1. Would you please state the base-10 log of I(q)/I(0) at q = 0.08, 0.10, 0.19 1/Å for the stretch A:11-165, with intensities from the Debye formula using one equal scatterer on every alpha carbon?
2. With the cut-off at 22 Å, tell me which of the pairs B:LYS728/B:LYS781; B:LYS458/B:LYS574; B:LYS286/B:LYS728 have Cα atoms farther apart than that.
3. Work out the length of the dipole vector of the stretch A:11-165 about its Cα centre, built from +1 on the beta-carbon of each Lys and Arg and -1 on the beta-carbon of each Asp and Glu, and round it to the nearest 20 debye.
4. Given 0.36 nm per residue, what is the gain on full extension from B:VAL290 to B:SER239 after removing their alpha carbon distance, in nm?
5. Distance between Cα centroids, the stretch A:88-166 to the stretch B:136-161: provide it in whole Å.
6. For chain B, just run the numbers: alpha carbon Rg, then divide by 2.2 N^0.38 Å, N being how many residues it has.
7. For chain A, find the longest principal axis of its Cα atoms and tell me its angle to the long axis of helix A:11-37, 0 to 90°, nearest 10.
8. DSSP beta bridges in the protein assembly as shown, what fraction antiparallel, as a percent rounded to 5?
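The values are calculated or read from the model by the stated rules, or taken from the named source; none is laboratory data. No experiment lies behind these values; they were computed from the predicted model shown. Cβ placement follows ideal geometry from the backbone for every residue including glycine, while neighbour counts extend to all protein chains displayed. Keep in mind that these areas ignore ligands, DNA and RNA; they rest on the heavy atoms of the full protein, side chains included. Shrake-Rupley method; radii C 1.70, N 1.55, O 1.52, S 1.80 Å.
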Amino acid sequence: MISKVYFPRLVVPASAVIVSFVDFLISGVILVGLMVWYGFAPNLRMLALPIFIFVAFAAAMGAGLWIAALNVKYRDFRIVVPFVVQFGLYISPVGFSSNIVPEQWRLLYSLNPMVGVIDGFRWAILGGDTRLYWPGFLLSVSLVLVILITGIIYFRTTEKTFADVI
Amino acid sequence: MSSVIRVENLSKKYIIDHQKQERYTTLRDVLANGVKRRLGKLLHPSARQKDAEHEEFWALKEVSFDIQQGDRVGIISRNGAGKSTLLKVLSRITEPTSGRVSIKGRVASLLEVGTGFHPELTGRENIFLNGAILGMSKAEIKNKFDEIVSFAEVEKFLDTPVKRYSSGMYVRLAFAVAAHLEPEILIVDEVLAVGDAGFQNKCFKKMGEFGGRGVTVLVVSHNISVITRLCNRGIILQSGRLDFDGTVLDAVNRYSEIASGDIRPYKIWAEPAAPGNEVVRLLSIKAYSVANEQGDVFDIRRPVTIEFSYRVCQSGKTINPAFFLYNQDNIIVFISGGMHDPEWAGRQRQAGLYTSRCIIPGNFLAEGTYSIQAIINTMDNIKSPTVHVNEKDTIGFKIYDPLEGGSARGEHRGAYYGVVRPILEWDIGLAFFSTQARKTMTTTINYPQSTNTFFKGKKVFLTGHTGFKGGWLSLWLQSMGAEVHGYALNPPTETNIFSVAEVNKGMASSVIADIRDAGKLSQAMKSAGPEIIFHMAAQPLVRYSYAHPAETYEVNVMGTVNLFEAVRTMSGVKAVVNVTSDKCYENHEWERGYRENEAMGGFDPYSSSKGCAELVTAAYRRSFLDPAGIALASARAGNVIGGGDWAADRLIPDLLRAMDAGETLKVRSPDSIRPWQHVLEPLSGYLMLAEQLYSDGASFAEAWNFGPADEDARPVKWIVERMAEMRKDVKWQCDETPQPHEANYLKLDSSKAHRLLNWQPRWRLQTALQKTLEWHGAWRKDEDMRAVTLAQIAAYQPEKQNS
């Protein structure tokens, strides 16, 4: 359809992210259910949640744009994606807490965009004495923004050739 | 008219890789090739690098054109010339390599059938999906939903998944959505080839409507008739370059030059190699529609001439050129040969060079591509003629319909079947004519001729014999041996046909008096004692009637009344022809001709006086003359022209006067259309009418139109231009001063006279003008004008086989 109809190509990766966002909201409902079950009352830091959601959105969008654009040029890129995600799963604080990372690796570790996102979520929802490692967080967020902006630029540049290549 | 699409130096390049086996690039291969090359350089430093061959392919190269709003452009080209690429660039699907495109307005493009259709969704859902993709909002789609469905004719299948649709339904639905998009620019790429004829017809109508609304349409097609039906401009692409941009007719001509290549509308052979034998050799054969015009695409309305040029080498044989005409389905449409030429058929030829022509009439062949098989034979034996030349596929040509009207197709835009496409004569119902008239259709009616014995010795009373028409009629009657009595005022102009042609000389009596003088008129008629009366005395000029309306009414209306009064108190009168005018009708400025039963009217005093005269005629006929057994008919004719007219404010006299004086003629309303005819035409009608009234009485006592052939209703401008062609010293210009009202359109429908009187116009307008000029020329040279006039009358007779 890309080669047959005119529409802004940005719609395609954006729609994928937005659909996942809906999935995310459904998971959010489950989270709320769990909070009710365990009688956990959220504190004021919850109000910061939208910021972190936005960062997550930007991360997904940025990465998505890059991979989509590259995939058009090199068709085997999509094969790489599951590996990258799997690898990312292990270096992100999904199964562990960021606290266990030793100090000297903390900054390097924060290069992973999802670190900032996940730590931020934990800080906002769990409250209590979870602390956010601010330098790491800022590094993550700035990386996310860089990936997003460069992703948009690269996507828009190469989108002109999509119809010819696909 | 701003340009809606502007393309400047548009170029699009694709790179073709010849070495690659895979269809697309993979990261793996890029890395692997990179490593291979590095290693290769290391291991074999001197060996040449075998690089993948990259070839640049320019799908479009420096294409520039402008499209204005409302243009319907057809893009024609051979396959692979870059049409689809151009459309993709225009639809902003792909970017140009260089150059720029600027588009103003919403674009809807149908580049492929069912773009955006998802096979699993139903028709209903797909309408919304496709509409959304094409740019309609949900509300718009909802509004148009019913229209879309009824246009596509898929009501029954709306809720079945689209994957079950036939390709025709697919196209219909896709086109229906795009058509209701209300885009400002519509781009269609050959998708309509899938639909059936009925659907294609609907699409063309719809696209035609778009054109009417000022929507710009771009159509790509190979089908010439599609393009000519739909578009007013044509663009031709050749190998990515713009080859031609112009009117659709020229584009189609140019395309056929490119596309047909070997089949051309002419073929010439060098003499030694020319087809034939020792008897005759065919040197060349040519097809053309308009003389000296190149091109092999001919207008369907025009005749096509096939010209053979051949050398007869042996004397003494009868040589017959002929041809078979094949159409694009390889069917022989007809065969025709020189044996139809009465002059040469069966005649033995001397050796020498001959040119033979055959004219295929216009409005006969259907649209399509034709080829000619040329034959030259000797018809010594009908069963097996000796064939000298028999060449297949010598020349070819195409016939197309420019859709301007005048063809059999008319307004119809869809498929039009048939091997030939003639315009035949149709007679829709005879209810129009009186039952009495139908009886007379079996009698043969003869043209008035000098050998005609009917008028010989008959007593004819003619009012207005000193005028232009009266003068000619009087001379004609005299030439047939009638006893002509005249009643009229002195000739209206100083120089006049009455004196110049000595009309008086052969008349039995000529009373100079006023038609308004009832007493004198009655007396003159009694002393003449006629059987046939022609009433022509009138005030005939529109402009004069504006200056003297009361006088016009007195002469034209009361004069007629006086005549009828005189008639009804007499005995012996059998037939009366009252000559009124074509201006008696209520003029609606229609393009079609007026029929006898239409309403009388008249904008100006002259016209309305003639309308009144008609009413008077009808009343007297019903009230007095029919019961008395006197047959009264009225005759209406158009603008008569001919030698001997010196009236003021008439086109031809004015023109001739200006010509003689060397002045510039001021043309009053150059675009007004009038039914022009030579004066002898309606006069012949009056004479035939009088004869029938005399012999058959009441069945012909009605109103009759005697107008020229439809094609001879021409604007004033046309007449002036033709005269200018024939006499180089005609100078003219338009008169800008405000003029009193004169009708713009005025045509007569003379089918009743054709059918029931067997009256036909004999001299076409060109001949009429020519004869007028001849007469005028003779007068200038002081020749015997009576003889000249009588000669022209004699030349008009059908037995001499004139034009």
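1. -0.27, -0.42, -1.28
2. Pairs exceeding the cut-off: B:LYS286/B:LYS728.
3. Rounded to the nearest 20 debye, it is 140 debye.
4. Working: separation 51, 0.36 × 51 = 18.36 nm, distance 3.17 nm.
Extra length from B:VAL290 to B:SER239 when fully extended: 15.2 nm.
5. Cα centres, the stretch A:88-166 to the stretch B:136-161: 47 Å.
6. This ratio for chain B stands at 1.30.
7. Roughly 20 degrees, rounded to the nearest 10.
8. Percentage antiparallel, nearest 5: 60.
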